[in-house]
Amino acid sequence: MFNLKLILLLILIPSICLSDITGKVVKVSDGDTIWVLDTKKKVKVRLLGIDAPEIKQAFGEESKMILARLIKKQNVIVVGDGKDLYGRLIGKVLLNDRDINLEMIKAGAAWHYKKYQADQLEADRILYSHHEQLAQKNKRGLWKEDDPLAPWQWRAKRQH
């Protein structure tokens, strides 16, 4: 028989290790980066599992506006577990239990960022990939273009 304390500890450890924050979205930088005011400090957040067009890229401004409509000035929970090279918290943004990262994919405003999918829960990987295919099939958002250029490809071209 399992010890109740051990079970509770196993449940609590993952939530203790996460860098979850709760706060108001005070700025939307682009389609995959926001600023959240968390107990009087601003935290820059990179949405996990997605990559949105850069601002100067085709559909970049539209992607930013879609994200802003979804969450600007709203109180969100960011479930995060690490930082990227730029010091941004990487996380899944939740608004009233809605996965905003997934909503961006559903709207055709972002790609499922498969390069970093190992950082996602398996269920999220499956959902994000499935909804990217649906958005593409239904020509939503950036998928209205025949062959939209992925942000990672766009960035690579700009570096050369």
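The figures follow:
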| read-out | value |
| --- | --- |
| Loop-resident sites, the stretch 38-131, for chymotrypsin sites (Phe, Trp or Tyr not before Pro), counting at most 15 other Cβ within 10 Å (DSSP) | Tyr86 |
| Most mobile listed residue (Ala110, Ala68, Ala118) in the chain, GNM with C-alpha springs under 10 Å | Ala118 |
| Order of Thr33, Thr22, Thr39 - criterion: other Cβ atoms within 10 Å of each residue's Cβ, fewest first | Thr39, Thr22, Thr33 |
| For the stretch 42-160: rounded, prolate or oblate by the Cα gyration tensor [a/c cutoff 1.5] | rounded |
| Size of charge dipole - the chain - debye, nearest 20, with Cβ of Lys, Arg +1 and Asp, Glu -1, no other charges | 540 debye |
| Restricting the stretch 50-122 to trypsin sites (Lys or Arg not before Pro) in coil, as DSSP defines it, with at most 11 other Cβ within 10 Å | Lys56, Lys73 |
| Glu132, Glu61 arranged by Cβ crowding within 10 Å, fewest neighbours leading | Glu61, Glu132 |
| Residue among Trp35, His131, Ala156 farthest towards the positive dipole end of the chain, charges placed on Cβ | Trp35 |
| Sites matching trypsin sites (Lys or Arg not before Pro) across the stretch 117-154 that sit in DSSP coil, with at most 12 neighbouring C-beta atoms within 10 Å | Lys139 |
| Proxy reagent accessibility, fewest Cβ within 10 Å first, across Ile34, Ile66, Ile55 | Ile55, Ile66, Ile34 |
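Quick note: the coordinates plus some simple rules give every number you see, no bench work behind them. Keep in mind that what you see is a predicted model, and the values were worked out from it rather than measured. Quick reminder, even Gly has a Cβ in these numbers, built from the backbone with ideal geometry, and neighbours come from all protein chains shown.
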